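So the structure is just underneath, and the comments pick up after that.
Where a number appears in this text, it was derived from the coordinates with a stated rule and is not lab data. Everything quoted here is computed from the prediction, not taken from an experiment. All Cβ positions, glycine included, derive from the backbone under ideal geometry; neighbour counts span all protein chains shown.
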Amino acid sequence: MSSTTVDDRSTTVTPPKTRGAGRLKDGRQRSPVAMVVMLLLVLLWITPTLGLLVTSFRTRDAAATSGWWEALWAGGWTTTNYSRVIEQADLGTAFLNGILVAVPATIIPIMFAAFAAYAFTFMDFKGKDVLFIVIVAVMVVPIQAAFQPLLDVLGPRGLGISGQYLAVWLLHTGFGMPLCIYILRNYMSSLPFSIVESARIDGCSNFQIFWKLIAPMSMPAIAAFATLQFLWVWNDLLIAKLFLTNDNTTVIVKLQQLLGTQGQGAELLTAGAFISIVLPMIVFFVLQNFLVRGMTSGAVKG
Amino acid sequence: MTYSHSTPPVGGETAVDESDPRVDDASPEATVPSDYGLQPVKLLIGVLGVAATLWVMMNLFLAFAYHPEWFFDSKILMGTLGLVVGVGGAAVLFWFINVAIEALPRKLEHGLVPYAFLIPGFSLMALTLFYPTIQSIHYSFANRDSTEYVGLQNYRELFSEGAFWSAVLNNVLWIAIVPAVTVALGVVVAVLADKLSASSEKWAKSFIFMPMAISFVAASAIWLTTIYAYQPPGAAQTGALNAIVQQFGGTPQSWLSIDTARLNSLLLMVILVWLQTGFAMVLLSSAIKGVPEDTIEAARIDGASEWQIFWQVIIPQILGTIITVFITVVILVLKVFDIVYVLTNGRDNTNVIANMFFNEMFARGQAGRATAIVVILLIAVIPILIFQVKQFREQEATR
């Protein structure tokens, strides 16, 4: 964001005569090639999503007999796809399930990971390096490696919680833990160590230091992880498909089922797809800055 | 990063707790006001508190699964309670752990606090990652319901199947193409965006970044309906690709079933590139903005062209980020599943390892073969894992 401030300054300082047509506000050369190519790329990038949005508001017949780019003159607009998909595929319940799965699965891991990150950042202990390297390594391991035994542990042969929200909360908490510890530790180690030092001299316990000082100061990193994790849990297909019953399942699994029955429900598919995108899109546009920070501080996830 | 062993200066807590008889012991630590030595009552409270919290948390959580009627079968109530119990329970748990640890003599306390803070998080990882991964390796030597050892039979079976090698080949293609294309596009977008005005740059980047928020499944639905859709020749085409082909006099194709030169796999890859370019662009863009202006200026004064500046000044300075992004996409591609599963489910030679694994496990119930596939995937990950750990070590050294 520093570029904007530089911008403002140069507008006031630069004399008007140098601000010819070929220059940007901050005095850089205007680049027509960059403008044209970027415009094309942006169009290319948003076209498929726009096409889906258009198709989701068209009748089955219209969508099957004319391209979505012809919708403006070919017509055939309707909103019934949305009401029908919510009714037939039970997307309302699935949407609620998605929220009830994603919110706890986003927030619970933070509590556990934050304490671990605190220990990794502000304490010295035996095996610290090895344990942190375990975290780095586990982030690379594909989560598929855990599924078969987990189906046994959580399924009817074991705890018998497979199919319930609980199973999925537990799994996302565990799977999200390495990334969360990693992101939080990276952020915490940028905090001034002297704060912790002086709090210790004042006689604060580690619990107090964590709770009153470090946790509030780490909020940007916590929000960064939360944004990443929310998108990940909401958009997840594998875990939801394996560990949730049909009553408890998420929008993404419903959407996959609609894709499977392609042909009968093509018009429902588009509406369903758009419903599944709405919430993550809002999260994305509101929390974009946190998302970027989350990615730059810990890009990998098993 | 030294853990301070210094004791609080006198004055913080001057009054010696009278209720604690142990202070009378003439041990050297007892002269320090805040160290009470071992406090059995406090320790007991702490340990009992930890046990009680764990008991209550586990039972409450299990009650959601076993007795939903206790919660009036209300999903919203259970979801909210789950959040409260999970977060609140964790807080209470750590508080009691802290009480228990503080009750120990100061020296022991310092030694144990870090582990106490790590144990809950690591237990969760042990339950969901460490144990199952090791058990998967174990299962891969057993039969379809993991009741009897079969030695290397699962592996021998897989290695002798053409379908398996076809999936491996596809994975190799995905790895060879997707990360490179994603990084290249990411660099192009980042460089071009850098030349725009501040506000257009922000908007352009937002739009390219946006697919990050879209699930693989929704992205597949998007591309299937708007780009790859197929209608019989002569009819109005509803997919952009076939519309263009028909416009130029070609015959519309059912694109995702054409496996000549693995065209269908390539078309599936396009979807992943579309999703991931934004991610690459964001990281690369911040790296490009970090390239010092004076190095570029110096090259310009020396008479270097923009092209030379790009290749010889900018690229070498963002190489680290390029590698990071590349590796991240490789890891993602290695276990690519959703797109293949929902669009072709491996038909027409599009199968990949992760989809094969899913079908063996979920559709066919072949635990032995499924876990054998996973072990092969794990082995494929090892070089990347070593690289990541090395990279991390170097990073830490320069910290």
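General remarks:
- Bins of 5 Å, starting at 0 and running to the largest distance - Cα pair percent for region B:350-399: 5, 20, 18, 14, 11, 9, 10, 7, 5, 1
- Of A:LYS128/B:LYS289; A:LYS25/B:LYS289; A:LYS25/B:LYS205; B:LYS202/B:LYS335; B:LYS195/B:LYS390; B:LYS195/B:LYS289, those spanning more than 23 Å from alpha-carbon to alpha-carbon: A:LYS128/B:LYS289; B:LYS202/B:LYS335; B:LYS195/B:LYS390
- Under the simplified labelling scheme, the B:THR398-B:ILE134 pair shows an inter-label distance of 3.6 nm, with each label point 7 Å from Cα along Cα→Cβ.
- Taking Cα centre as origin and charging only the Cβ of basic (Lys, Arg, +1) and acidic (Asp, Glu, -1) residues, the dipole magnitude of region A:86-297 rounds to 420 debye.
- About its Cα centre, the dipole of region B:196-337 is roughly 480 debye, where the only charges are +1 on Lys and Arg Cβ and -1 on Asp and Glu Cβ.
- Chain A, Cα convex hull volume normalised per residue, Å³: 204 Å³
- Region A:86-297, relative contact order in percent, only Cα pairs under 8 angstrom and at least six apart counted: 33 percent
- Across all C-alpha atoms in region B:53-121, the radius of gyration and Dmax reach 15.8, 50 Å.
- Segment A:LYS126-A:ASP90, length gained on full extension (0.36 nm per residue, minus Cα span): 7.7 nm
- Linear extension gain, B:VAL172 paired with B:ILE386, 0.36 nm per residue minus alpha-carbon span: 75.1 nm
- Kirkwood-type radius of the protein assembly as shown, with distances r between different C-alpha atoms, in Å: 28.0 Å
- Enclosed volume per residue, in Å³, of the convex hull spanned by Cα atoms of chain B: 282 Å³
- Rg(Cα) / (2.2 N^0.38 Å) computed for region A:164-295, rounded to two decimals: 1.41
- With eigenvalues of the C-alpha gyration tensor scaled by 5 and rooted, region A:93-166, Å: 30, 18, 11
- In terms of overall dimensions, the C-alpha atoms belonging to region B:252-399 reach 65, 49, 21 Å along their principal axes, ordered largest to smallest.
- Charge dipole of region A:86-297 about the Cα centre (unit charges at C-beta), most positive-ward option of A:LEU179, A:SER189, A:ALA215: A:SER189
- Spacing of the modelled spin labels on B:TRP311 and A:ILE201, each 7 Å from Cα toward Cβ, amounts to 5.7 nm.
- Placed amide H near A:GLY163: partners under 5 Å, 5+ positions off or other chain: A:LEU244, A:THR245
- Dipole magnitude of region B:261-399 about its Cα centre (Cβ charges: Lys, Arg +1; Asp, Glu -1), debye to nearest 20: 680 debye
- Measuring spread by the Cα atoms of region A:95-251 yields a radius of gyration and Dmax of 17.6, 55 Å.
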